[in-house]
Every structure is written in C-alpha cells, then in structure tokens.
Amino acid sequence: MAREPREGGGRGRDRDRSGGGDREPDDGIIDKLVTINRVAKVVKGGRRFAFAALVVVGDQKGRVGYGAGKAREVPEAIRKATERAKRGMIRVPMKEGRTLHHDVEGHFGAGNVILRSATAGTGIIAGGPLRAVFETLGIGDVVAKSLGSRNPHNMVKAAFAALQKVASPRSVATRRGKKVPELFGRREAHGAAPTQEAPANG
C-alpha cells in the first residue's frame, strides 16, 4: 500500500523518486522516476486517459540513459520508459569518479543547461530532473543551471546533449596523436616561445 502514491497524476516538477533500484541487482542499474503526467486523447464517445512517464537509469559508475513511456496504467508506463532508457544508455567520462572533466553546455529545443565541474565536497547542486540524472550517473560533485525551458523532458534531453560532449584528457590525446602530459604542457611552451624568437628577429 505504501508504494501507490505514484498514481497521483503528478504534474509537480520535482517529483524525483527512486523507481526500485533493487530490481536488477545483477547489473547494478538503478532507475528514477523523473515525472509522470496524465494525458487525455479525445475519441468518439469521450476522452481516453493514459499516463506518460519519464525515467532515467544508470549504474552510478558512468553509464546513464533516459526514456519515455505511455500506457493506460502507471506501472506499465514506467516499465516501458525504463526499458527504453536501458536501451539508450551512454557512457560519460568522469574526473576522479566524482565530477566532470570540464564545463559544458547543452541544448535541446527550448532547453538550455550549463554543467560545471566542482571541487570535492560540493555535492550535487541541481534541481528536479537534473539531480536525477546525476544521481543515477554517479556524479557526486557538480553544479548545474537550467537557463531555458523548465519542461522536464527538455531539461533531461539538454543535459544528455551536454554529457555527450564531455571528453577525458586521454581521449583528446588519443584523437590528436599525443600524450596526456603534452596537452597540459603546451601552455608553458607557448609562454616561453616569444622570448626565444625575439633575438632571432632582431
């Protein structure tokens, strides 16, 4: 009886709920219900009601996904959304296993979010849908700000657009054919170059 409050039709924005992370202990994937809305379709003879759910899933180790599902009953809508979220999971590189490697911005429709890396102990400074994404992803220190639409679907999709842009120093070095120390050493090299070239030009 204690599990039934989900059926409230829920139009509240910050209705993050853990959707039963113990359902699949073998792969360690947890899911969170971001929002659920009651929708109506006008048909001959009246209106037909259904429920639309938005769910995010993750293993809290760098993999996360989202999905939407619609059905006549709440549990079925959540099940559909969870299955779609698991099929579309992405991997996000994390710095020290707790935050992002760099600041990043994401857009989707009218949604616009900015995600910033944070020092240890900062925690998750984000609200509503974005907090659910970070908790399932496993990020412990991050600052997020939504500057556009407050629609949960747009916010989540904008957050995923931003997360897909995150790159680790190792991946950048591999793509450029360099070693990781060379990426961070270029600043010092550029700073010394002008003083060495000046006498030659004189």
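The values are calculated or read from the model by the stated rules, or taken from the named source; none is laboratory data. It should be emphasised that the depicted structure is a prediction, and the values quoted were computed from it without experimental measurement. Ideal geometry is used to build each Cβ from the backbone, glycine not excepted, and the neighbour counts take in all protein chains shown. Accessible surface areas use protein heavy atoms only, side chains included; no ligands, DNA or RNA. Shrake-Rupley method; radii C 1.70, N 1.55, O 1.52, S 1.80 Å.
Below is a table of values for the structure above.
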read-out: Close pairs (6 angstrom Cβ cut-off, 6 or more residues apart or separate chains): within 16 Å of residue 166 (Cα to Cα) and part of a helix (DSSP H, G or I) in region 118-140, at pLDDT 90 or above and open to solvent by 30 Å² or more (accessible area, probe 1.4 Å) anywhere; value: 134/124
read-out: Residue 200 vs. criteria exposed (fewer than 15 other Cβ atoms within 10 Å of the Cβ), modelled with pLDDT under 80 and over 18 Å from the mean Cα position of the chain (by Cα); value: yes
read-out: Residue 184 closer than 25 Å to residue 62 by Cα, surrounded by fewer than 13 Cβ atoms within 10 Å (Cβ to Cβ) and either in contact with a helix residue (DSSP H, G or I) (Cβ under 9 Å, 6 or more places away or on another chain) or at pLDDT below 70 (or both); value: yes
read-out: Residue within region 116-136 that is open to solvent by 10 Å² or more (accessible area, probe 1.4 Å) and within 10 Å of the chain's Cα centre (by Cα) present; value: yes
read-out: Breaking point among (1) open to solvent by 30 Å² or more (accessible area, probe 1.4 Å); (2) at pLDDT 90 or above; (3) of a type in the set (A, V, I, L, M), for residue 189; value: (2)
read-out: Scope region 62-75; condition touching a Lys or Arg at 6+ places or on another chain (Cβ under 9 Å) and on the phi < 0 side of the Ramachandran plot; matching residues; value: 63, 64, 65, 66, 67, 68, 69, 70, 71, 72, 74, 75
